[in-house]
1. For a distance above 21 Å, tell me the whole-number percent of Cα pairs in the range 55-194 that qualify.
2. Can you pull a Stokes-Einstein diffusion coefficient for the range 166-232 at 4 °C (1.567 mPa s), Rh from Kirkwood over Cα pairs, as a whole number of µm²/s?
3. Within the range 41-194, how many Lys pairs sit with Cα atoms under 17 Å apart, leaving out pairs fewer than 8 places apart on the same chain?
4. Would you work out which of I298, N315, S275 lies farthest towards the positive end of the dipole of the range 270-325? Charges go on Cβ: Lys and Arg +1, Asp and Glu -1.
5. When N is the residue count of the range 124-206, what does its C-alpha Rg come to as a fraction of 2.2 N^0.38 Å?
6. Counting only protein chains, not ligands or nucleic acids, how are S335, S92 ordered by accessible area (probe 1.4 Å), most first?
7. Mind ranking 358-368, 56-66 by how tightly packed they are, going by the mean number of other C-beta atoms within 10 angstrom, highest first?
8. The range 253-405: D in µm²/s via Stokes-Einstein (Kirkwood Rh, Cα pairs, 37 °C, 0.692 mPa s)?
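The values are calculated or read from the model by the stated rules, or taken from the named source; none is laboratory data. Fair warning: this is a prediction, and the values are worked out from it, not measured in the lab. When we count neighbours, we look across all protein chains shown, and the Cβ atoms used for this are built from the backbone with ideal geometry, even at glycine. With ligands, DNA and RNA removed, areas are computed over all heavy atoms of the protein, side chains included. Shrake-Rupley method; radii C 1.70, N 1.55, O 1.52, S 1.80 Å.
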Amino acid sequence: MAVHVVDEARRCLHCQKPMCREGCPIHTPIPDMIQMFLHHQIDEAGLMLFENNPLSDVCSLVCDQEKQCEGHCVLGRKGQPVHISSIENYISDSYLDRLELPCEEKKHKRVAIIGSGPAGITIAVLLAQKGYDVTLFESHDKIGGVLRYGIPEFRLPKSMLDRYKTQLVKLGIKIRPNTVIGTTLTLDDLQRDGYKAIFIGTGVWRPRKLNIPGESLGHVHFAINYLQNPDVYDLGNDLVVIGAGNSAMDVARTALRKGVRHVTVFCRRLQAAASQNEIDYAIADGVEFLYGARPVEITDEGVRYQMASFDDQGNVTALSAPQLFPCSSVIVAVSQGPLNRIVSTTKGLNTNDRGLLTTDGEGHTSRPGVFASGDVVSGARTVVEAVKYSKEVARAMDEYLQTVE
């Protein structure tokens, strides 16, 4: 691994205008990182990475690099781009346990962070660095949100999230696991108890339905539920995954690792929505794809579907007669929406027609002192997008907190 990473770092052309950095949503200083690494300044490079992106180690594994940093590398125009993700992962993973982020003096103002997914962790770290007393409320027993309960172990080791927890505690962040805000405790309770600002980063945990007959049958499941604990599911030998995004790829590849013999992904169109890397890995694992398949009903025997025909522009021109695709289990993976526990127990929080919290460009919700970002605002997006927006929200929260006593 080390030799590979060093060789990749040596391939960097040190462009005057680094397109790799332009392609990164949070503008990671990639050329500086590589130069520091080659000059044996791994701690300096690690600190720089984590100060720019509190989830550097995570992003190095789960980012869609082919469309971002590596997709913009000039070497990729005629050959293979520099494998930037491997270099970032080597540095950030080596440095994570030695991480010492600089912190300002304590301001003795309480901040509540609801949800410990990518947005919640990012904002908790940044506000703890600013000297605020941060409490992180997590509905599950361990931190991570979608990172822990929505991304398979083979893509993101859970041990990495345990190491992140150690860093959060080191920063003085208090963590309340198994605590759901919007049931026993409400936003009103938090504000009563002196939390001067509240951040909502609860993600999207309510599966979206297909709204076709058969979704309540015993062999049908939803992707976000399956990925939380795959070991409790008995899927049989033949699985159909309906949906073709990255979550569908995670489901398909996980199921094969858990003993399913055959996995077929139903994709409505001629191109899957998942990144090409994830599709390539799924094919390598043995996943099969059925393009143009439109489910109309789920039965005890399998999925009844119609095959779409397309013109040159990708428009549907015809649908076949319904036919049966036999299978032992079905997993629906067509995105998620937010749970409404907080909204239903809180006055003054506005949502859009999809149930997502409405905010301005800096994360202010319609209720004073309450902020939000991440998937609960934008819908299911990538980790790096959550980090990017959450950095802006953390800055806005800091500005707000300076105006209140």
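1. 50
2. 81
3. The result is 15.
4. Value computed over the given set: N315.
5. Values: Rg = 13.7 Å, N = 83, 2.2 N^0.38 = 11.8 Å.
The reported ratio for this selection is 1.16.
6. On the way: S335 55, S92 0 Å².
The most accessible residue leads, giving S335, S92.
7. Ranking, from highest mean packing down: 56-66, 358-368.
8. D = 170 µm²/s.
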